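A.B. asks: Right, I'll just put the structure down here and ask away after.
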Amino acid sequence: MTTAATDAATDNLAALESEAIHIFREVAGEFDRPVILFSGGKDSTLLLHLAIKAFWPAPVPFPLLHVDTGHNFDEVIAFRDHVVAKYGLRLIVAHVQDWIDDGRLTERPDGTRNPLQTQPLLDTITEHKFDAVFGGGRRDEERARAKERIFSLRNAFGQWDPRRQRPELWNLYNGRHRPGEHVRVFPLSNWTEADVWNYIAREKVELPSIYYAHRRKVYQRDGMWLTEGPWGGPRDGEEVKELTVRYRTVGDGSCTGAVESTASTVDEVIAEVMASRLTERGATRADDRLSEAAMEDRKREGYF
């Protein structure tokens, strides 16, 4: 990379960081009970890193919330708990299994629990009276997310209506909402996957080992390499192989695919991401393939 290109990349990351920190501080001054969605994945880890920088040396003034499907990768849950302990944070965990056990939710025939996260999320927001919910969504990930504003109003049922999205001119954010409504806040909206990894490299942000190349037993389904777990395993005719893989995104294990990769360092991951023609969700998330408008439908129901 030339010096001019390096300087441009550095300036871009500085601008993105400044915008995100401004958003965190804006929410702290405008809302009463914010919360940060934190799963231990790379985007939510980056979000937390920015929140720590925004308020340092004071502690982060918001709790963390994880909607746990029970189908998570062990490495990610261990990392989540490590980060919470390291920074002395308060973590609220909403277990999807609790909603299944008491009949508020029913297990899906296909075994995936990602779509089941919506009700526990909304119930927990209501229970704790959260009025601003930080998420790590980015506009480059998926078409429905590209429509969303940084301050995204949700109605009293937690639903998203694209027709109620407000203009955001000159970095002015409108957080007004009626009783019972809340606002989802996306400080990473203008970041790309390459921006995320370049910033991780610059700041030396720690991530779960699952994001780097490792050996894992996987089987192929619908063009994705899935791994066996509590969510199930290979069907008849699906051969299990041990490959060198890594994960570009982390979600419910039943619908999150690995990619074949030898990228074991941040720089190698960046080179791989720069050469990719698909976003991480488009390449490795089966839940986004349920229909052409799968993400938008879930967002209208109250999903992340």
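A.B. asks: Given the structure, is ARG202 within 30 Å of PHE24 (Cβ to Cβ) and open to solvent by less than 20 Å² (accessible area, probe 1.4 Å)? Give the steps one after another, and end with the answer.
C.D. replies: On the way: within 30 Å of PHE24 (Cβ to Cβ): yes; open to solvent by less than 20 Å² (accessible area, probe 1.4 Å): no.
It is false that ARG202 is within 30 Å of PHE24 (Cβ to Cβ) and open to solvent by less than 20 Å² (accessible area, probe 1.4 Å).
A.B. asks: Here's something else I'd like to know. Kindly provide the set of residues from the range 86-98 that are part of a helix (DSSP H, G or I) and open to solvent by 20 Å² or more (accessible area, probe 1.4 Å), ordered by number.
C.D. replies: First, the residues of the range 86-98 that are part of a helix (DSSP H, G or I): 86-87, 96-98.
Selection gives LYS86, TYR87, GLN97, ASP98.
A.B. asks: Something else about it: Every residue in the range 52-85 that is part of a loop (DSSP other than H, G, I, E, B) and in contact (Cβ under 8 Å) with a residue 12 or more places away in the chain, please.
C.D. replies: Taking the range 52-85 first, the residues part of a loop (DSSP other than H, G, I, E, B) are 56-63, 69-73.
Those that are part of a loop (DSSP other than H, G, I, E, B) and in contact (Cβ under 8 Å) with a residue 12 or more places away in the chain: PRO59, VAL60, PRO61, PHE62, PRO63, THR69, GLY70, HIS71, ASN72, PHE73.
A.B. asks: Could you check the range 258-301 and list, in sequence order, the residues that are in contact with a strand residue (DSSP E or B) (Cβ under 7 Å, 6 or more places away or on another chain) and modelled with pLDDT under 90? First the steps, then the outcome.
C.D. replies: From the range 258-301, those in contact with a strand residue (DSSP E or B) (Cβ under 7 Å, 6 or more places away or on another chain) are 258-263, 283-286, 299-300; that's our starting set.
Answer for the range 258-301, where residues must be in contact with a strand residue (DSSP E or B) (Cβ under 7 Å, 6 or more places away or on another chain) and modelled with pLDDT under 90: ALA283, THR284, ARG285, ALA286, LYS299, ARG300.
A.B. asks: Of all residues in the range 170-189, which are of a type in the set (S, T, N, Q) and either surrounded by 22 or more Cβ atoms within 10 Å (Cβ to Cβ) or at pLDDT 95 or above (or both)? Explain how you work it out, then say what you get.
C.D. replies: We begin by selecting, within the range 170-189, every residue of a type in the set (S, T, N, Q); these are 171, 174, 189.
Answer for the range 170-189, where residues must be of a type in the set (S, T, N, Q) and either surrounded by 22 or more Cβ atoms within 10 Å (Cβ to Cβ) or at pLDDT 95 or above (or both): just SER189.
A.B. asks: Follow-up question, since we're still on this one. Looking only at the range 61-98, count every residue that is over 17 Å from PRO208 (Cα atoms) and under 19 Å from the mean Cα position of the chain (by Cα) and tell me the total. Walk me through it before giving the result.
C.D. replies: Step one: of the range 61-98, the residues over 17 Å from PRO208 (Cα atoms) are 61-65, 67, 69-70, 88-98.
Those left that are additionally under 19 Å from the mean Cα position of the chain (by Cα): 62-65, 67, 69-70, 89-96.
Summing the residues that are over 17 Å from PRO208 (Cα atoms) and under 19 Å from the mean Cα position of the chain (by Cα) in the range 61-98 gives 15.
A.B. asks: When the residues of the range 26-58 are narrowed to those that are more than 16 Å from ASP131 (Cβ to Cβ) and among the basic types (Lys, Arg), which ends up surrounded by the most Cβ atoms within 10 Å (Cβ to Cβ)?
C.D. replies: Looking only at the range 26-58, we keep the residues that are more than 16 Å from ASP131 (Cβ to Cβ), and these are 38-58.
Narrowing the set further to residues that are among the basic types (Lys, Arg) leaves 42, 53.
On the way: LYS42: 24, LYS53: 14.
Among those that are more than 16 Å from ASP131 (Cβ to Cβ) and among the basic types (Lys, Arg), it is LYS42.
A.B. asks: Scan the range 99-122 residue by residue and report those that are part of a helix (DSSP H, G or I) and loosely packed, with under 15 Cβ neighbours inside 10 Å.
C.D. replies: ASP101
A.B. asks: Given the residues ARG108, ARG113, which is the only one that is free of Cβ contacts under 8 Å to residues at least 24 places away in the same chain, over 21 Å from HIS182 (Cα atoms) and basic (Lys, Arg)?
C.D. replies: One residue alone meets the criteria, ARG108.
A.B. asks: Filter the range 123-141 for residues that are crowded, with 20+ Cβ neighbours inside 10 Å, part of a loop (DSSP other than H, G, I, E, B) and out of contact with any Phe, Trp or Tyr (no Cβ under 8 Å at 6 or more places or on another chain) and give the result.
C.D. replies: Passing the criteria: PHE130, GLU141.
A.B. asks: Here are some residues: ASP43, ASP102. Which one is in contact with a Gly (Cβ under 6 Å, 6 or more places away or on another chain) and charged (D, E, K, R)?
C.D. replies: Of the residues listed, the single one that is in contact with a Gly (Cβ under 6 Å, 6 or more places away or on another chain) and charged (D, E, K, R) is ASP43.
A.B. asks: Are any residues in the range 116-157 more than 16 Å from SER39 (Cβ to Cβ) and aromatic (Phe, Trp, Tyr), and if so, which ones?
C.D. replies: Of everything in the range 116-157, those that are more than 16 Å from SER39 (Cβ to Cβ) and aromatic (Phe, Trp, Tyr) turn out to be PHE130, PHE151, PHE157.
A.B. asks: Hey, can you tell me all the residues within the range 229-264 that are acidic (Asp, Glu), in a loop (DSSP other than H, G, I, E, B) and over 28 Å from LEU46 (Cα atoms)?
C.D. replies: Within the range 229-264, the subset acidic (Asp, Glu) is 236, 238-239, 242, 252, 260.
Now restrict to residues that are in a loop (DSSP other than H, G, I, E, B): 236, 238-239, 252.
Correct list: ASP236, GLU238, GLU239.
The values are calculated or read from the model by the stated rules, or taken from the named source; none is laboratory data. Being a predicted model, the structure only gives us computed values, none of them experimental. In this analysis, Cβ positions are derived from the backbone assuming ideal geometry, glycine residues included, and neighbour counts consider all displayed protein chains. SASA here: full protein model, heavy atoms, side chains in, ligands and nucleic acids out. Shrake-Rupley method; radii C 1.70, N 1.55, O 1.52, S 1.80 Å.
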